[in-house]
Amino acid sequence: MPDGLSLTFSALADPTRRAILARLASGEANVSDLAKPFMKAMSLPAVTKHLKVLENAGLVRKSRAAQWRTCSLNPKPLKEATDWIEEYRRIWEDCLDRLGDYLDELQVQQAQSGKRAPKTAPGKTTPAKTSSTKRKRHASSQAQ
């Protein structure tokens, strides 16, 4: 049986389901209202199947009020997916920072040995500096 994270990513893989989630991010909606934008391209049962996938992944909650079935967004699985991605972003950022440091060391060594260091185009930065700059910007935005 798939774990919650697998169900979340599987549900997010489809653009129709992502569009449904985007709509639900602005508030609850009934199934008919959610289906309206898709009615030219698919049937109501097809939209209902997409909603079922989202519901099985825990991304959507359905409730009943009289004859209406309203749907609402459950952000918890999205938070879990974001946390998982964030961990790997940090790992890759650390790797890129180490690569940037290594490239900086090589440039210093080349300059000291009298060899010409490869130049970047005017206004361009090396990948190392770009990574380092992005990390610093990200850190300062989180601190605020």
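The values are calculated or read from the model by the stated rules, or taken from the named source; none is laboratory data. What you are looking at is a predicted structure, and each value in this text was computed from that prediction instead of being measured. Reconstructed Cβ throughout: ideal geometry from the backbone, glycine too, with neighbour counts over all protein chains shown. Calculation scope for accessible area: heavy atoms of the full protein, side chains included, ligands and nucleic acids excluded. Shrake-Rupley method; radii C 1.70, N 1.55, O 1.52, S 1.80 Å.
Within region 19-31, if we keep just the residues that are modelled with pLDDT of 95 or more and surrounded by 14 or more Cβ atoms within 10 Å (Cβ to Cβ), the residue that is farthest from CYS71 (Cα to Cα) turns out to be ALA19.
So which helices (runs of 4 or more DSSP H) stay within region 1-82 end to end and still have 3 or more residues that are in contact (Cβ under 8 Å) with a residue 60 or more places away in the chain and within 17 Å of the chain's Cα centre (by Cα)? Give the derivation first.
Working: elements: 4-12, 15-24, 31-35, 44-56.
Ranges flagged: 4-12.
Within region 55-73, the set of residues being farther than 24 Å from PHE9 by Cα and either in contact with a His (Cβ under 8 Å, 6 or more places away or on another chain) or open to solvent by 70 Å² or more (accessible area, probe 1.4 Å) (or both) comprises ARG64, ALA66, GLN67, TRP68, ARG69. If you check THR82, THR130, THR125 for being among the polar types (S, T, N, Q) and modelled with pLDDT of 90 or more, only one passes: THR82.
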